[in-house]
Amino acid sequence: MKYKYLLLLIVFYALGDASTFAQKPKKTTGMTLNSQQYLEYQGVNVMLAHDFYPEGHQGGVGIIQNGQRVATNGDLRLEPTPGQWSPIPKVGTRVVDEKTQDISVRMEYPNEEIDRKGFNPVIYPDLKFAYHIHVSPVGKGFKIVVDLDKPLPDEWIGKVGFNLELFPGILFGKSYYMDQQFGIFPQQGEDQIYKDSDGEFQVTPMASGKKLTIAPESDQQRMTIENMTGTDLQLIDGRSKFNNGWFVVRSLIAKGASKGAIQWMVMPHAIEGWKADPTVQVSQIGYHPKQQKIAVIELDKNDKAKLPVSLLRLSENGGYETAFTAPAKDWGNFLRYHYLQFDFTQVTKPGMYMVSYGKFKSQPFKISTDVYTNNVWQPTLEYFLPVQMCHMRVNDKYRVWHGLCHDDDARMAPTDSDHFDGYIQGHSTLTKYQPGQTVPMLNRGGWHDAGDFDLRIESQAETVHGLTLAYEQFNVQYDNTSIDQNTQIVEIQRPDGKPDVLQQIEHGLLSIVGGYKAMGRFYRGMIEPTLHQYTTLGDAGNITDNKYFVDPGDPKKVAAVGSGKPNTPDDRWVFTEDNPERSLETAASLAAAARVMKGFNDTLATQCLQIAEEVWNNTKEKRAMSRVPLAVELLVTTGQQKYADFLTSHADQIAARIDNTGWLVCRTMSLIKDQAYHDKITSAVKQLYAQIKQQGTKTPYGVPYEPSIWGAGWGIQNFGYKQYFLYTYFPDIFTDDYMLAAINFVLGCHPGSNTASFASGVGSKSMTTAYGFNRADWSYIPGGITSGTALIRPDFPELLNWPFLWQQGEYVLGGGTTDYLFLVMAADHILNKK
């Protein structure tokens, strides 16, 4: 699920200049090709293969209708309702015929690049075929035609069909007609499941026929799909097979069919003169009196009206009064929208406010010196991190977030094994433990990563490092959680007299240090061995029996989740790797944590420093620059000259990569008495600031931002996190504007009509339907930080109210969590120190 973007970088089409703005469309009476290479009529857009991410419901033929993405993944598939690990085709080059306005792309099965390879590998059947998908305008609608290079083999007739997925979140309670059949799109999957001729479970169609009418009662969503070939359309509820499924419209390839094997006429209803409503984008928590305050107003590209804009102060006695008015600055075009900026920095009076643009208003927010002090970072520390704690039972008053889990960690992974989530065990275990053997000291500490339940070493290390620096920089003594490592019980909102940050750091270290002590190296990760366990949602305590499996037999022996029988092989597997760079990064976290553990857990403090120094002395990396983070932390921790010597001897390389190293080495400036080192770093930092200023002008949000298919929230948080150090240690070069703009972006001032805060439960409006382990309940974890607004290429920013899109709503440990927590603390510290 997570980290799919590593693969996506290889297969995605180039975005190009994200700021490209479509030329003003000509007046037309029907669908036409626009300058962005997609079809358009009024508020309807039809894309083909701008994206290719079918596992994330993004690719193939896609339809945006009156401002809402309503359909996607129009393509030939080998299953009626494909899941995440189902075969997907290899994508060829998109071809646009300007004269005929036909858009086409060549696809073929299999895709050798992911066939049993890499992250989320796919097992392809013995079937090879190629085809072209064509999309072309017909009146106010469009036609989909699929041409096969040659007919399918007989044994695949009835199995290969053209699928188009319909977004369920806007269809619940809406009606449909399929010829003479009709019904309502249900809130939950409830169709009969049956076994097909191959013994696979399939979903009985909701309806079958030649013509489907979707939401006939809604001008906003009405659409008809008519199959022009011999086979019937089928309407299938994919959620009946997979929690994250969508409604599927499907028609099968007929026997002997090749050219014109699929021919659909699609007519999405376009509201004449439709324009997207203006969206007023602000931070959902508000602003400090001393910070820059700029609301961004997003307008439809055809919206030429310039409405009055004002700041309204909500009255203590009810209602509101106008606090400030000024003309909005015309910023310009970005993606498919036009943007205005409303600067109300001069307003400093404490209170609750809203920004008004004509009749359109923002959510309420505050202007106050305590805007970053309460109920902003605290949910992350007192809810999200405790809830993600592995090897614990997590109580929250009357609620249990999850029971004691994974207390049977962990069995050594089999050699020569590729896990479906990207873990790879080579020819050796790299330890004294044999495949299938239980490795001790791994059933303590650590946090579940992302929306899954595995422990990745980089996520554990990043979280420890971020929390450590937060504690050092801001002296965070906050205590609102009881954590008992002896009973393995967490009590949320029950103070125990110990700083929560230190207890969380300790929890992460118990896993990292324990694994190193047991194996003499860092683990790569611990993860469920079966797909059934890996995809389990809800209480992590249900995934294993919490008892070590003991069996001298087959090391690959595994069991499905929840058998309840004694001595069940449901234990997680632990993977190792020979990755010097990742070892050095992890050791840097330990070197830093040794400082804050001293006096809190002296044993751990000693072990952390010993391991960090051992890694420094014994690691043989390929790139010397991989050693910089560890050199910095060991220098700060020990003050030893050899670490300063390493940094000064590599000053040129550090300066050349200042965008990655600057925030780290700035903390060494007062520790290294070498003027040449100072001059090189300072000069590089000046160049970095100039580069950031230039990048920040490319969007109306004041931060470097390159939209991509994966939400940008984590990257912008990380950018802001680094800005704190650069501003703090180079105040004559950097300002705090970019750091604060990054916070505003994450908290609601970002592209798209959904202006929610990416931090669940934080602000007037936030992502309270998110991709956590409780996503099947359409719920959230307070303080979890989602990935945020994604891009439907080439130009549509999207943040759906849907819990199963990891590229928009997934919580991620490490930088996704601690960067946010640190960033908010930093803003509070800087602004109130001023």
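The values are calculated or read from the model by the stated rules, or taken from the named source; none is laboratory data. As the structure is a computational prediction, the values presented were derived from the model and not from experiment. With ideal geometry, Cβ positions are generated from the backbone for all residues, glycine too; neighbour counts draw on all protein chains shown. Heavy atoms of the whole protein, side chains included, go into the accessibility calculation; ligands, DNA and RNA do not. Shrake-Rupley method; radii C 1.70, N 1.55, O 1.52, S 1.80 Å.
Structure above, values below:
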read-out	value
Rounded to the nearest 10 Å², the accessible area of residue 201 at probe 1.4 Å	120
Computed Kirkwood radius, in angstrom, where 1/r is averaged over Cα pairs of segment 294-350	12.8
Rounded to whole Å, sorted largest first: equivalent-ellipsoid semi-axes of segment 378-455, Cα gyration tensor	30, 14, 9
Candidate lysines for bridging to residue 306, where Cα separation is under 20 Å - those fewer than 8 sequence places away on the same chain excluded	24, 275, 329, 359, 361
Fraction in percent of alpha-carbon pairs per bin - 5 Å, segment 694-834	2, 11, 20, 24, 19, 12, 7, 3, 1, 0
log10 of Debye I(q)/I(0), alpha-carbon scatterers only, for segment 446-485 at 0.21, 0.24, 0.25 Å⁻¹	-0.84, -0.93, -0.95
For segment 432-438, Karplus couplings with θ = phi - 60° (6.51, -1.76, 1.60), whole Hz, Gly/Pro x	7, 8, 8, x, x, 7, 6
Solvent accessible area, Å² - residue 69, 1.4 Å probe, full protein context	10
Calculated P(r) of segment 156-264 - Cα pairs past 22 Å, %	32
Span from the segment 602-645 Cα centroid across to the segment 672-695 one, whole angstrom	24
Proximal lysines relative to residue 517, as straight alpha-carbon distance under 27 Å, when same-chain residues fewer than 8 apart are discounted	432, 498, 547, 556, 557, 598, 620, 622, 642
Segment 135-152 and segment 255-322: distance between their alpha carbon centers, rounded to Å	33
Alpha carbon Rg of segment 668-748, scaled by the compact-globule rule 2.2 N^0.38 Å	1.21
Anchor residue 128: lysines whose Cα lies under 22 Å away (excluding residues fewer than 8 positions away in-chain)	90, 117, 150, 159, 255, 259
Estimated D of segment 237-345 in µm² per second, where Rh is the Kirkwood radius over Cα pairs and Stokes-Einstein applies at 37 °C, 0.692 mPa s	171
Where a label projected 7 Å from the Cα of residue 737 along Cα→Cβ would reach, residues of segment 341-366 with amide N under 15 Å	341-346
Computed Kirkwood radius, in angstrom, where 1/r is averaged over Cα pairs of the chain	28.6
The chain, dipole about Cα centre (Lys/Arg Cβ +1, Asp/Glu Cβ -1), debye to the nearest 20	1740
Accessible-area composition of the chain, carbon plus sulfur, in percent [1.4 Å probe]	49
Radius of gyration and Dmax over the Cα atoms of segment 592-675, both given in Å	13.3, 39
Pair-distance profile P(r), taking every C-alpha pair of segment 450-536, with 5 angstrom steps and integer %	3, 12, 18, 19, 21, 16, 8, 3, 1
Average accessible surface area per residue within the chain, 1.4 Å rolling probe, Å²	37
